[in-house]
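Heads up, the thing below is written out as C-alpha cells.
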Amino acid sequence: MPQRMTQFLHTQSDLAAALARLVQADPRLAPVLAKAGEPALRRGEPGFPGIARIICGQQLSTASARAIWDRLQAAFDPFHHDALRRARADRLARLGLSAAKIKSIKAIANAIAGGELDFDRLAQSDADAAHAALIALHGIGPWTADIYLLFCLGHADAWPAGDLALQESARIALGLKERPTAKELALIADAWRPWRGVAAHLLWGYYHVVKRREGVAVETKPTKPRAAKAAERTSAGKTKRNGRTKRPGAIGAKP
C-alpha cells in the first residue's frame, strides 16, 4: 500500500477542501455535511501549553477548566515545562489541579526535559506514529493524545475513537442500531483515512445540531460534596458505562 502524505488543517480553507475530499470518498457523509454545515476550524496552542491545557480540562465543565487554566497561566508566565517540572505540588494544587493532573503534567514536563518528548518531531509524524509516541508517556491516554493532535497540531487524520459524542454522532449519521464501541468506530473510520480528523470535526458539528448542544460535552454531572470530588480525582481519568470506555472532558468548545 502506498504511503499517504500527512495532512494538516491550518486554515478554514484547508478544512473546506478536506471536507470535499472526505465526502467524495464516502458519499454517506454528504447529508451529514448538508445538515451540519461546514464546522469552524478550532486550533489551540501546540507544544507543552497545549497538552497541559487539555489535561487541565479533563472531567471539568468548560467554565471550570478555563478558570483553572487562567490561574495556572497567570502563576507561570511564561508557561514553560521547566517551571512546571520544578513547581511544588501543593502550589499547583492551590491553583485547582487534582493530584492526578499534577502528576501527569509533571511527567510530561520531565519527558520534555529528558528528550523523550519532542514536539517538533511529533508535528511531522503521521497520526498513528504520533498517537503511539504520546500514549507511551505517563499521563497521556488515547483521548488526550488524539485531542492534542486534532486541535493543537491540526492533524487531519487524528481520530479519538473513544469519544462518546463521536460514537453517538456516528450512530445517528450512519444509521447504526447501537452506538459503536471505540474499536468498532476505529474500524469504521479506516475508510476515511487520511481525513479521519476531518470526519471528527464534521461529526462533532453534526452532534451539536442533532442534540442541540453547545460543544461536545462528554458528561455533565450534578455538583457533589467535596469528599466525593476528591475521590473521583484519584481515578484513572476514565469511567465505564455500559461496558464502553468513557473519555472525560468537554470538546467542541474553543481550545
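One table, with the values for the structure above:
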read-out	value
Filtered residue count, the stretch 26-37, keeping only those that are surrounded by 14 or more Cβ atoms within 10 Å (Cβ to Cβ) and either hydrophobic (A, V, I, L, M, F, W, C) or over 17 Å from ILE172 (Cα atoms) (or both)	4
Within the stretch 114-128, tally of residues that are surrounded by 13 or more Cβ atoms within 10 Å (Cβ to Cβ) and either part of a helix (DSSP H, G or I) or among the basic types (Lys, Arg) (or both)	4
Out of ILE188, ILE135, ILE147, sole residue that is under 14 Å from the mean Cα position of the chain (by Cα), surrounded by fewer than 23 Cβ atoms within 10 Å (Cβ to Cβ) and within 23 Å of PHE8 (Cα to Cα)	ILE135
Test: residue in the stretch 193-205 that is surrounded by fewer than 20 Cβ atoms within 10 Å (Cβ to Cβ) and modelled with pLDDT of 95 or more	yes
Search result, residues across the stretch 5-25 that are surrounded by fewer than 16 Cβ atoms within 10 Å (Cβ to Cβ) and assigned to a loop (DSSP other than H, G, I, E, B)	MET5, HIS10, THR11
Out of ALA65, ALA100, ALA52, sole residue that is in contact with a strand residue (DSSP E or B) (Cβ under 8 Å, 6 or more places away or on another chain), assigned to a helix (DSSP H, G or I) and crowded, with 17+ Cβ neighbours inside 10 Å	ALA65
Residue among ARG66, ARG53, ARG85 that is over 20 Å from ALA165 (Cβ atoms) and basic (Lys, Arg)	ARG85
Lone qualifier among LEU95, LEU60, LEU72, LEU84 - being surrounded by 13 or more Cβ atoms within 10 Å (Cβ to Cβ) and modelled with pLDDT under 95	LEU60
Scope the stretch 160-193; condition part of a loop (DSSP other than H, G, I, E, B), of a type in the set (Asp, Glu) and within 19 Å of ALA130 (Cα to Cα); matching residues	ASP163
First in the stretch 122-139 and in contact (Cβ under 8 Å) with a residue 60 or more places away in the chain and over 11 Å from LEU153 (Cα atoms), second anywhere and outside any helix (DSSP H, G or I) and of a type in the set (Ser, Thr, Tyr), Cβ under 7 Å, 6 or more apart	ASP126/THR6
Tally, over the stretch 86-116, of residues that are among the charged types (D, E, K, R) and more than 23 Å from LEU60 (Cβ to Cβ)	2
Pairs, first on the phi > 0 side of the Ramachandran plot in the stretch 202-214, second modelled with pLDDT of 90 or more and outside any helix (DSSP H, G or I), C-beta under 7 Å, six or more apart	none
Residues within the stretch 26-48 that are farther than 15 Å from GLY205 by Cα, in a loop (DSSP other than H, G, I, E, B) and of a type in the set (Gly, Ala, Ser), tallied	1
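The values are calculated or read from the model by the stated rules, or taken from the named source; none is laboratory data. These numbers were taken from a predicted model, which means no experiment stands behind them. A quick note on method: Cβ atoms are made from the backbone with ideal geometry, for glycine too, and the neighbour counts reach across all protein chains shown.
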